[in-house]
Amino acid sequence: MMALIKMCYEAGAKKVAVWDHTCDNYQFTFARSGLKEAGQKAGADVLSGHGRNVYKQTEIPKAKKLRTAEVLRDVLESDVFINFPLPKQHFATELTLGMKNLMGILWDMEQLHKIDLHQCIADINTLRKPDLVVVDAIRILTTNGPKGPGKTEDPVEVVASTDIVAVDAYAAAYFKNPKTGKPYRPEEIRFVKYAYDHGLGEIDLSKVRVKKVSAT
Amino acid sequence: MTRALLCLRRSIQALSFCFLLYLILQTAFPLELKIPVDLYLRLDPFIGIISLFTQKEMIWRMLPALGVLVLVILFGNFFCGWFCPMGATIDFFDRVLFREKKRSKPLDDRSLRRLRYGVLIFALTAGLMAFQVIYLLDPISLITRSMVIAFYPPAIFVYNHLLPPIQSLLPGNGLIVSSIPLPLFKVNLFIFLFFVAVLALGVIRKRFWCRYLCPLGTLFSICSRFRILTRFVTDDCTRCQKCVKECPVGAIPGDTPEQYRQQDCVTCLKCLECPPQAVSFHFASPQLKTVEGVNLSRRYVLGSFAFGLASSLVIKTNPLQSESGRTNNRLIRPPGSLPEERFIAACTGCAECLKVCPNNALQSTFLEAGLAGLYTPRLVPRIGYCEEFCNFCGRVCPTEAIQPITLEEKRLIQVGVAHINKTRCIAWDTDKICLVCNEQCSYQAIIGDDKKRPIVKEEKCTGCGICENKCPVDGESAIIVYASGVQKKLKPEPEAEPNNPQG
């Protein structure tokens with residue numbers, strides 16, 4: 001993350017704000033994960049979405065089910081919006097990937113479960129296409145997600161793209177589907193499928209140019 | 001010189017009050033202050049003595065209180081007049097809002113002055129019977145509780161409402177601050193009204209509370225009988241009655257102003273403002289004699305004793321306090337609490353734990369825990385849940401009613417067990433996918449079955465209540481934590497299995 005913040009500044013950013021909307025108490029999670037310290041060291045403002053005043057009631061015109069929501073104002077108003085997820089196993093939706101990460105830009109995350117979780121995740125993503133998606137797949141959580149503690153694997157990869165559907169389709173293959181025992185195909189994750197139906201990106205990785213670069 | 005002394009006293013009172021407020025505000029994450037945030041409560045010998053009585057053992061945290069007691073025995077009661085934040089508040093409101101009513105004839109308060117001794121005897125008796133409601137009258141506990149429960153949430157409310165206009169005034173995104181989640185406390189109105197009532201008593205007499213009711217003041221009174229810092233009046237006294245009128249605790253009798261009741265004096269030094277400059281304070285050998293002392297007859301003492309005894313017995317036989325009637329399984333105590341009976345005996349109801357709880361999960365009870373458990377903390381998961389890596393409530397409890405425990409111990413304490421109401425649960429009742437409880441659970445105590453419906457594993461559930469808190473069902477949650485009676489210790493997880501990328 002620190003490297004990403006540095007790159008933002010190198011690219012001419014005036015100010016970088018790192019937002020996190022945590023499940024647990026933000027003070028504890030920020031301190032335990034070291035997020036606050038790392039972010040501030042790199043010169044960014046590390047902010048938590050625990051107060052309702054940082055959200056704004058917004059219409060989601062292209063949504064199928066979630067028509068209005070309270071969305072983080074910075075996401076709507078900032079010049080550049082980078083989505084920075086960690087892939088994790090998730091019991092309810094199979095996997096937490098880039099698009100599911102964006103649930104955090106909403107004030108009321110729990111409400112989505114009452115409507116239709118997968119469709120809502122796709123709906124949120126129609127609101128603003130992230131200018132860049134960076135998936136930190138250096139270490140991923142494969143069991144007991146999303147909170148853990150569970151088994152981890154180290155693919156040691158960082159996936160970056162402007163196409164969130166393609167990124168999620170790519171990252172899904174890190175995990176094995178317990179039913180088939182084979183890596184997940186993107187269509188098996190319903191929110192990825194729905195997002196593709198919305199025309200948010202390309203689900204078929206054969207149509208995407210995947211360029212692998214070695215960092216070493 | 002005199003004026004300077006009086007100014008100094010007033011400044012110290014104001015500082016003492018502000019310091020209490022500061023400590024209360026610091027009673028929050030990350031709790032890294034060098035001085036204990038419950039300092040005032042630890043300095044309170046009344047709490048120290050009663051907790052000694054109720055728990056029948058020394059609480060080492062309360063040791064500083066003994067130091068205060070020794071100082072008071074030596075120098076007389078200086079605490080009430082100089083340092084007590086409750087006294088400072090009462091003094092302030094006596095000046096600005098609740099002015100003493102003018103009387104043609106001075107009030108004969110001899111019977112009233114006896115009252116506080118009755119209260120203290122009642123308190124000590126009840127304390128021996130392990131019944132602590134009298135803590136509610138302790139001034140330090142009272143002001144801490146009132147500040148936390150009645151005044152802190154409104155302050156945050158105002159702050160949150162002022163925040164957007166301030167943010168819009170600043171250019172650009174000058175200030176991005178999330179508003180503070182509004183703390184909510186039950187019974188706040190009762191506590192507010194009681195606090196205001198205590199202040200409003202000043203209409204009858206200045207410092208009415210301090211001189212006729214406060215049990216801490218009474219304790220100090222008894223101890224400062226043999227004070228070595230005493231008041232002297234020279235023959236210059238013209239009996240102008242200024243000091244008699246000015247004395248905030250009525251320690252100077254009207255017909256003999258050259259004498260005073262050394263036990264009642266709070267050393268506020270107001271009587272130094274004497275027109276002929278006849279009054280002075282200096283060190284002298286202690287005197288036994290006093291004027292117009294209270295008439296503590298045997299009848300009165302025994303009466304107070306019997307009243308305390310009978311009240312404790314009546315409360316002890318209240319259905320909620322007795323073994324058979326303890327059926328309130330929604331009464332979840334904070335992790336590390338003493339067993340219920342000892343807990344309500346030890347808890348002072350000071351609300352420090354309510355303030356420090358990062359998720360506003362601890363709420364003060366009204367009658368849910370019976371009469372003896374008034375204003376004790378309970379976990380209300382629908383309002384807030386118990387944070388996994390937090391043991392703050394035990395760290396701030398002055399009487400160790402909530403034991404100080406390590407994080408590792410805390411994570412293995414089962415305060416309750418979650419139960420799913422399958423008729424209301426989204427996953428069980430409809431075919432929608434939810435499992436918020438599963439993803440929120442920090443202890444992996446909720447697993448999903450093959451149809452993605454939640455099931456609670458009792459042996460892992462700590463009763464932290466995050467599932468009940470986050471359950472998206474409207475109103476009452478579809479998953480509810482019930483107290484497990486006595487807090488249990490769970491078996492620790494076996495060491496994490498080595499990572500197996502193939503598995």
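The values are calculated or read from the model by the stated rules, or taken from the named source; none is laboratory data. Worth saying up front: this structure is predicted, and the values here are computed from it rather than measured. With ideal geometry, Cβ positions are generated from the backbone for all residues, glycine too; neighbour counts draw on all protein chains shown.
So the values come out like this:
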| quantity | calculated |
| --- | --- |
| B:ILE402 vs. criteria over 23 Å from B:LYS457 (Cβ atoms) and away from chain A (no Cβ under 14 Å) | yes |
| Of residues in region A:65-119 being among the polar types (S, T, N, Q) and buried (at least 17 other Cβ atoms within 10 Å of the Cβ), the one nearest to A:MET1 (Cα to Cα) | A:ASN83 |
| Those residues of region B:459-475 which are closer than 16 Å to B:LYS422 by Cα and more than 9 Å from chain A (Cβ to nearest Cβ), in sequence order | B:CYS467, B:GLU468, B:GLY475 |
| Test result for B:VAL70, among the β-branched types (Val, Ile, Thr) and exposed (fewer than 15 other Cβ atoms within 10 Å of the Cβ) | yes |
| Residue among B:ASN318, B:ASN360 that is within 30 Å of A:ASN25 (Cα to Cα) and either free of Cβ contacts under 8 Å to residues at least 24 places away in the same chain or in a loop (DSSP other than H, G, I, E, B) (or both) | B:ASN360 |
| Where a residue in region A:24-47 is closer than 22 Å to B:PRO381 by Cα and its partner, wherever it lies, is of a type outside the set (A, V, I, L, M, F, W, C) and assigned to a strand (DSSP E or B), with Cβ under 6 Å and at least six apart | A:TYR26/A:SER48 |
| Matching residues in region A:1-59 - criterion: being assigned to a helix (DSSP H, G or I) and aromatic (Phe, Trp, Tyr) | A:TYR9, A:TYR26, A:PHE28, A:PHE30 |
| Residue within region B:266-273 that is in contact (Cβ under 8 Å) with a residue 12 or more places away in the chain and either among the polar types (S, T, N, Q) or in a strand (DSSP E or B) (or both) present | yes |
| Qualifying helices (runs of 4 or more DSSP H) (wholly inside region B:387-446; at least 1 residues being in contact with a Phe, Trp or Tyr (Cβ under 9 Å, 6 or more places away or on another chain)) | B:392-396, B:407-410, B:436-440 |
| So B:ALA478, is it buried (at least 23 other Cβ atoms within 10 Å of the Cβ), at pLDDT 90 or above and within 14 Å of another protein chain (Cβ to nearest Cβ) | yes |
| Selection count, region A:95-112, where residues are in contact with a helix residue (DSSP H, G or I) (Cβ under 7 Å, 6 or more places away or on another chain) and part of a strand (DSSP E or B) | 2 |
| Per-region count, region A:82-102, residues in contact (Cβ under 8 Å) with a residue 24 or more places away in the chain, of a type outside the set (Lys, Arg), within 14 Å of chain B (Cβ to nearest Cβ) and at negative phi | 7 |
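Let's see how each residue does on (1) surrounded by fewer than 24 Cβ atoms within 10 Å (Cβ to Cβ); (2) within 14 Å of chain A (Cβ to nearest Cβ):
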site: B:GLY384; (1), (2): yes, yes
site: B:ARG395; (1), (2): yes, no
site: B:PRO398; (1), (2): no, no
site: B:GLU409; (1), (2): yes, no
site: B:VAL417; (1), (2): yes, no
site: B:THR423; (1), (2): yes, no
site: B:ASP429; (1), (2): yes, yes
site: B:ILE433; (1), (2): yes, yes
site: B:ASP449; (1), (2): yes, yes
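This table checks each residue for (1) surrounded by fewer than 21 Cβ atoms within 10 Å (Cβ to Cβ); (2) over 14 Å from the mean Cα position of the chain (by Cα); (3) within 14 Å of chain B (Cβ to nearest Cβ).
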residue: A:ARG128; (1), (2), (3): yes, no, no
residue: A:ASP131; (1), (2), (3): yes, no, no
residue: A:VAL135; (1), (2), (3): no, no, no
residue: A:LEU141; (1), (2), (3): no, yes, yes
residue: A:ASN144; (1), (2), (3): yes, yes, yes
residue: A:PRO149; (1), (2), (3): yes, yes, yes
residue: A:GLU153; (1), (2), (3): yes, yes, yes
residue: A:ALA160; (1), (2), (3): yes, no, no
residue: A:ILE164; (1), (2), (3): no, no, no
